[in-house]
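Novice: Just passing along the structure, written as structure tokens.
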Amino acid sequence: MPEQDAETATGQGPSNDFRVHSRNCSVTRMETSFTVFNKPKVELHIHLDATIRPETILHFARKKKLQSPWFENHETLLNKVVCAKQGSLTEFLSKFHYYMPAVVGDPEAIRRIAYEFVETKAKEGVVYVEVRYNPHLFANCNVDPLQFGQKEGDLTPEKVVELVNQGLKEGEKDFNIKVRSILCCLRHMPEWSPEVVELCKKYQNDTVVAIDLAGDEGLKSEVFPGHLQAYQEAVRSGIHRTVHAGEAGPASVVKEAVELLKAERIGHGYHTIDDPVLYKRMLQMDMHFEMCPWSSFVTGSCGSDFTKHPLIQFKKDGANCSLNNDGPLPLNTGLENDYNIAKTYMGFSEEDFMRMNINAARSCFLPEDEKKQLLGVLYEAYGMIDL
């Protein structure tokens with residue numbers, strides 16, 4: 001993960017063009033550090049609260065005078081929050097409770113996290129990224145219950161969205177990449193979902209492009225009307241929809257996401273192949289799957305043998321899928337690790353990587369004209385007319 005500490009800059013935004021396909025020196029330099037696939041990339045599945053830099057966490061922990069031993073230094077923090085071996089999705093999610101108290105409820109922290117996220121993506125050669133988060137988790141006002149042991153303050157979920165938007169726009173201007181955001185509903189907090197979709201509607205033309213549903217896949221959406229109503233409103237309002245499904249949960253959750261929630265993309269979706277009829281249907285629908293190889297191992301969603309990973313079957317069948325990181329802080333790795341796994345254990349070639357990124361671009365949630373611009377950038381960089 002990046003070691004330097006970037007200061008928040010001011011800027012205007014968001015960018016509506018893709019300047020990175022021109023010969024921008026800073027972006028070209030950043031791309032050279034990505035050795036597996038040193039070409040422009042598109043990333044669709046990554047969580048903002050899982051990308052926070054350790055030094056940023058430590059800075060705000062000291063500002064708040066938090067006394068937990070894992071806030072002593074960089075090493076003690078990583079020892080506490082990194083998933084060092086294969087575990088479970090529950091264990092993975094538990095890591096957030098250790099470091100989030102340092103940054104939640106702090107406007108400066110939230111804006112800075114968003115800004116630094118954009119810098120990190122630029123250094124990985126990403127030209128377009130959609131980053132997701134739940135605004136209620138960062139807020140300390142108009143949230144019930146308050147999260148991470150916070151005291152009541154004046155930072156509402158809507159103000160969190162505005163702060164994230166500011167940081168993303170500033171990063172776009174300074175690092176010449178394009179960034180959009182996705183607001184997450186949480187399966188265990190259905191009472192938040194109506195406000196999440198309203199925030200999606202209000203900020204639809206201000207970085208926000210979609211709604212997501214994340215969390216325990218054992219909690220069926222049909223039992224929690226808050227989620228279903230939010231997604232129905234998203235459909236009515238023209239809000240794009242993605243859903244975490246078939247990650248640690250069974251293929252039936254993917255079916256629910258598509259039929260009940262009208263998902264246009266599936267987050268992870270590895271276990272879709274356990275239901276051949278559903279899998280064939282998803283292929284016919286050209287459903288996009290946001291794949292995160294290393295995360296799938298750490299969360300116990302897939303086995304430890306990457307040579308038998310579901311992504312290999314998806315690739316073989318020409319499925320519409322992409323490569324993503326999910327969250328570098330608890331995983332302690334960046335996007336290049338996922339590309340390296342795909343190359344080393346799954347037989348991915350450079351053409352396969354290009355195809356994955358073309359898939360991501362054509363399945364992203366940008367307006368059609370901007371999507372065409374993005375595809376043009378990739379085609380030019382890849383030296384092709386079409387793939």
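None of the figures in this text is laboratory data; all of them are computed from the coordinates on show. It should be emphasised that the depicted structure is a prediction, and the values quoted were computed from it without experimental measurement. Ideal geometry is used to build each Cβ from the backbone, glycine not excepted, and the neighbour counts take in all protein chains shown.
Novice: I need the phi-derived Karplus couplings for the range 149-155: 6.51 cos²θ - 1.76 cosθ + 1.60, θ = phi - 60°, integer Hz, Gly and Pro marked x.
Specialist: x, 6, 9, 4, x, 10, 9
Novice: Rank by packing, highest mean first: peptides 366-374, 136-144, with packing defined as the count of other Cβ atoms within 10 Å averaged across residues.
Specialist: The packing order, highest mean first, is 136-144, 366-374.
Novice: What would the Debye equation give as log₁₀ I(q)/I(0) for the range 130-205 at q = 0.16, 0.22 Å⁻¹, counting only Cα atoms as equal point scatterers?
Specialist: -0.60, -1.00
Novice: Looking at this model, which pairs from K169/K315; K80/K151; K315/K372; K178/K343; K63/K159; K39/K80 are more than 30 angstrom apart at the alpha-carbon?
Specialist: K169/K315; K39/K80
Novice: Under unit Cβ charges (Lys, Arg +1; Asp, Glu -1), what dipole magnitude, rounded to 20 debye, does the range 78-160 have relative to its Cα centre?
Specialist: Magnitude of the dipole: close to 320 debye.
Novice: Mind jotting down a quarter of the surface of the convex hull over the alpha carbons of the range 174-219, in square nanometres, one decimal?
Specialist: Taking a quarter of the hull surface, the average projection is 4.0 nm².
Novice: May I have the convex hull volume per residue, in Å³, for the Cα set of the range 70-156?
Specialist: Per residue, the Cα convex hull of the range 70-156 comes to 137 Å³.
Novice: For the range 33-103, what percent of Cα pairs sit more than 17 Å apart?
Specialist: So the pairs more than 17 Å apart make up 52 percent of the total in the range 33-103.
Novice: Per the Kirkwood treatment, what hydrodynamic radius in Å, one decimal, follows for the range 344-387 from the mean inverse distance over all distinct Cα pairs?
Specialist: 11.0 Å
Novice: Next question, about the same structure. In what sequence, highest mean first, do 95-105, 120-130, 229-239 appear when ranked by Cβ atoms within 10 angstrom?
Specialist: So the order, starting with the most tightly packed, is 120-130, 95-105, 229-239.
Novice: Need the C-alpha centroid separation for the range 104-162 versus the range 335-387, integer Å.
Specialist: For the range 104-162 versus the range 335-387, the Cα centre distance is 28 Å.
Novice: Which whole-Hz ³J(HN,Hα) couplings does the range 341-350 yield from phi under the Karplus relation 6.51 cos²θ - 1.76 cosθ + 1.60, θ = phi - 60°, glycine and proline marked x?
Specialist: Here the 3J(HN,Hα) series is 4, 4, 6, 6, 10, 10, x, 5, 9, 4 Hz.
Novice: What are the semi-axes of the equivalent ellipsoid for the range 132-272, taken as the square roots of 5 times the Cα gyration tensor eigenvalues, largest first, in whole Å?
Specialist: 25, 19, 14
Novice: Here is a further query. For the chain, what are Rg and Dmax over the alpha carbons, in angstrom?
Specialist: Cα radius of gyration and Dmax of the chain are 19.4, 57 Å respectively.
Novice: Right, here's the next one. Starting from the eigenvalues of the Cα gyration tensor, five times each then square-rooted, give me the equivalent ellipsoid semi-axes of the range 233-324, largest first, whole Å.
Specialist: Three semi-axes, in Å: 22, 14, 12.
Novice: Then there is this: Dividing the convex hull volume of the Cα atoms of the range 50-198 by its residue count, what figure in Å³ per residue is obtained?
Specialist: With only Cα atoms used, the range 50-198 gives 123 Å³ per residue.
Novice: Can you give me the three principal axis dimensions of the range 299-347 from its C-alpha atoms, in Å, biggest first?
Specialist: 32, 20, 18
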